[in-house]
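Novice: To start, I am sharing the structure in question, which I have written as structure tokens.
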Amino acid sequence: MLVFLKLGGSLITDKRAAETPRLAVIERLAQEIAAAQQADPALQLVIGHGSGSFGHVYGRRYGTRDGVYDAAGWYGYAAVGDAAARLNRLVTAALLRAGIPAWSIQPGALLRCADGRVVQGMEATVTAALARGLTPVVFGDVALDAVRGGTIVSTEEIFEGLVDALTPTRIVLAGEVDGIFTADPQLDPNAQPITVITPATLSAVVEGLGSSHGVDVTGGMRAKVQQSLAMVERQPGLEIIVCSGLEAGHVQAALAGAPVGTRIVAQAIPSAVSG
């Protein structure tokens, strides 16, 4: 069984303070991932992570997502890539210490974009790595763009490009909050958890979805939900779980398909009716 796992930038860094990794969280998550694979030796993973307070800070300063057009912009492009890679080394090292054969794949060296959309992906490299027993580790990164010169590609966009070729059973998006709520639970004490989102129910919940806390140049929670729905509509057998990585054991449970957080699916399964 193949599962994609994203460790959100707001989970593994403090996005309110520049280049501040949450090292204890990263180490614990690596141990949970290793435990999930030990419990299910057939579990294959593609792991991705956000840039958090590393790449996003430079991305906002230089406007890299919107395009790169001059020498100062290209310096910023390089700075974004360097910051993203520094965080990736921390994540990959923790996974290796946990016994996972984690192999970092630099997305920017393989991806090509046109006006912010991926037109050349990394499917062949990721597929070959999985066939050899490696655990590919990708991350939000800069990429060359035929229209914008350069841009930033989020981990969700990388996953979206891999979904059709690799057809994972499940995607787990681990962040700070345990799922998706009717409003921001960190600001509104009356926010209620949403257990399932489908294309049919999106309009009822979209107003409560905001941007991420801290700096996020790739769209925040609303964009992530919309990207997720696009993937499950193309792959109706796919389920996407949004959960908290701050809650010990939740990522391990989500990797196994346990009911944590919010499920995003093409069509909700009707509840059984007793009678």
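Novice: Please build a GNM for the chain, connecting alpha carbons under 10 Å apart, and tell me which residue among T92, T64, T125 fluctuates the most.
Specialist: Looking only at T92, T64, T125, the largest GNM fluctuation is found for T125.
Novice: Can you list, largest first and rounded to whole Å, the semi-axes you get for the chain by taking the square root of 5 times each eigenvalue of its Cα gyration tensor?
Specialist: Values: eigenvalues 151, 95, 72 Å².
In descending order the semi-axes read 27, 22, 19 Å.
Novice: How tilted is helix 23-39 with respect to the longest principal axis of the chain? Cα atoms for both, answer in degrees (0 to 90, nearest 10).
Specialist: Long axis of 23-39 versus the principal axis of the chain: about 50 degrees.
Novice: Hey, another quick one. Please name whichever of I171, A129, S203 sits farthest to the positive end of the charge dipole of the chain, dipole taken about the Cα centre and charges placed at Cβ: Lys and Arg +1, Asp and Glu -1.
Specialist: Value computed over the given set: A129.
Novice: While we're on this one: How far is the Cα center of segment 230-252 from the Cα center of segment 1-47, in Å?
Specialist: Segment 230-252 and segment 1-47 have Cα centres separated by 13 Å.
Novice: Ok, one more. Can you give the relative contact order of the chain as a percent, counting alpha carbon pairs under 8 Å and 6+ residues apart?
Specialist: On the way: 580 pairs, mean separation 60.7, N = 275.
Reported relative contact order: 22 percent.
Novice: For the chain, what is the calculated [θ] at 222 nm in deg cm²/dmol (nearest 500), taking -39500 (n - 2.57) for each run of four or more DSSP H residues and dividing by its residue count?
Specialist: Numbers: 10 runs with 109 residues, N = 275.
That calculation yields -12000 deg cm²/dmol at 222 nm.
Novice: Right, something else. Assign unit charges at the C-beta atoms only (+1 for Lys and Arg, -1 for Asp and Glu), then state the dipole size of the chain relative to its Cα centre in Debye, rounded to the nearest 20. Please list the in-between numbers first.
Specialist: Details: 20 positive and 25 negative charges, 81 e Å.
So the dipole magnitude of the chain works out to roughly 380 debye.
Novice: How far, in degrees from 0 to 90, does helix 52-62 lean away from the longest principal axis of the Cα atoms of the chain, to the nearest 10?
Specialist: Here the helix axis deviates by roughly 50 degrees.
Here, each number is a calculation from the coordinates, and none is a lab measurement. Fair warning: this is a prediction, and the values are worked out from it, not measured in the lab. We place every Cβ from the backbone using ideal geometry, glycine too, and count neighbours over all the protein chains shown.
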